[in-house]
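All remarks here apply to the structure that follows.
The values are calculated or read from the model by the stated rules, or taken from the named source; none is laboratory data. No experiment lies behind these values; they were computed from the predicted model shown. All Cβ positions, even for glycine, are placed from backbone atoms using ideal geometry, and neighbour counts span all protein chains on display.
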Amino acid sequence: AEGHSIACEGDVDGAVSTLLASLLGFGDVYLSDWLSHDRETITLWHGGAAPLRLCDPVGSEFGPRIARHFNNHKAAVLNADIRADMPITVFRLWRCDGEYRLAVFEGQTLKPRQPLLGSNGLALIPGVDVDELFDELVHAGMPHHVAVVAGQHARALERWARMAGVVQV
């Protein structure tokens, strides 16, 4: 699906999030699970869907490699770490209680702390208590997928949300 906005698991608003990033010119989008977190970081993971441009280089130890799915052993997924030291924007657009909502925050990728099959990343979110952020987002109805793009795009997304009448969480 290179060059196309995609989503998995029937996540229509996730697909809309990836399409929004594409239309705003942010480049490749990784729709990831918010797998776990601590006070400063979020573990980003999914079953092999990260764009190559966001991954460690091909041929490196944790660069992209074709593999069988970790759970059902069917072909084929892409195992790869999200490259470290990359400025990122993490965001999500979703509908809840009759309105669209947007959460957006910026950070930087770090080398993942634990090896995981599939697409594996770690995001440092400076200046935010991620435990509190997670609590706020869960209570606002945010689904478990987040869109990840290279670069700092929070301001553009916030401006778009104001123009579109989307509630910012």
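Worth a mention:
- Of residues in the stretch 44-80 being assigned to a strand (DSSP E or B), of a type outside the set (A, V, I, L, M, F, W, C) and surrounded by fewer than 18 Cβ atoms within 10 Å (Cβ to Cβ), the one modelled with the highest pLDDT: R65
- The stretch 28-40, residues that are at pLDDT 95 or above and surrounded by fewer than 21 Cβ atoms within 10 Å (Cβ to Cβ): D33, L35, S36, H37, D38, R39, E40
- The set of residues from the stretch 78-95 being closer than 13 Å to L116 by Cα and out of contact with any Phe, Trp or Tyr (no Cβ under 6 Å at 6 or more places or on another chain) comprises L78, N79, A80, I82.
- When the stretch 1-26 is filtered for residues that are more than 23 Å from E136 (Cα to Cα), modelled with pLDDT under 95 and part of a loop (DSSP other than H, G, I, E, B), the ones remaining, listed by number, are A1, E2, G3, H4, S5, I6, A7, C8, E9, G10.
- Pairs meeting the criteria (first residue in the stretch 1-27 and surrounded by 17 or more Cβ atoms within 10 Å (Cβ to Cβ), second residue in a loop (DSSP other than H, G, I, E, B) and modelled with pLDDT of 80 or more, beta carbons under 6 Å, at least 6 apart or on different chains) are F26/H153.
- Each residue in the stretch 119-154 was checked for being farther than 23 Å from D11 by Cα, assigned to a helix (DSSP H, G or I) and touching a strand residue (DSSP E or B) at 6+ places or on another chain (Cβ under 9 Å), and 2 pass.
- Meets criteria (in a loop (DSSP other than H, G, I, E, B) and in contact with a Leu (Cβ under 9 Å, 6 or more places away or on another chain)) for L116: yes
- Identity of the residue in the stretch 95-121, within 16 Å of C55 (Cα to Cα) and among the hydrophobic types (A, V, I, L, M, F, W, C), that ends up nearest to the chain's Cα centre (by Cα): L110
- Condition check for W45: under 26 Å from E99 (Cα atoms) and not β-branched (V, I, T): no
- Taken over the stretch 81-97, the criterion of being closer than 15 Å to P143 by Cα and assigned to a loop (DSSP other than H, G, I, E, B) is satisfied by D97 alone.
- Test set (1) touching a helix residue (DSSP H, G or I) at 6+ places or on another chain (Cβ under 6 Å); (2) of a type in the set (D, E); (3) surrounded by fewer than 17 Cβ atoms within 10 Å (Cβ to Cβ) - D97 fails condition number: (1)
- Q108 vs. criteria among the polar types (S, T, N, Q) and assigned to a loop (DSSP other than H, G, I, E, B): no
- Counted residues, the stretch 76-125 - those being in contact with a Cys (Cβ under 7 Å, 6 or more places away or on another chain) and without any contact (Cβ under 8 Å) to a residue 60 or more places away in the chain: 3
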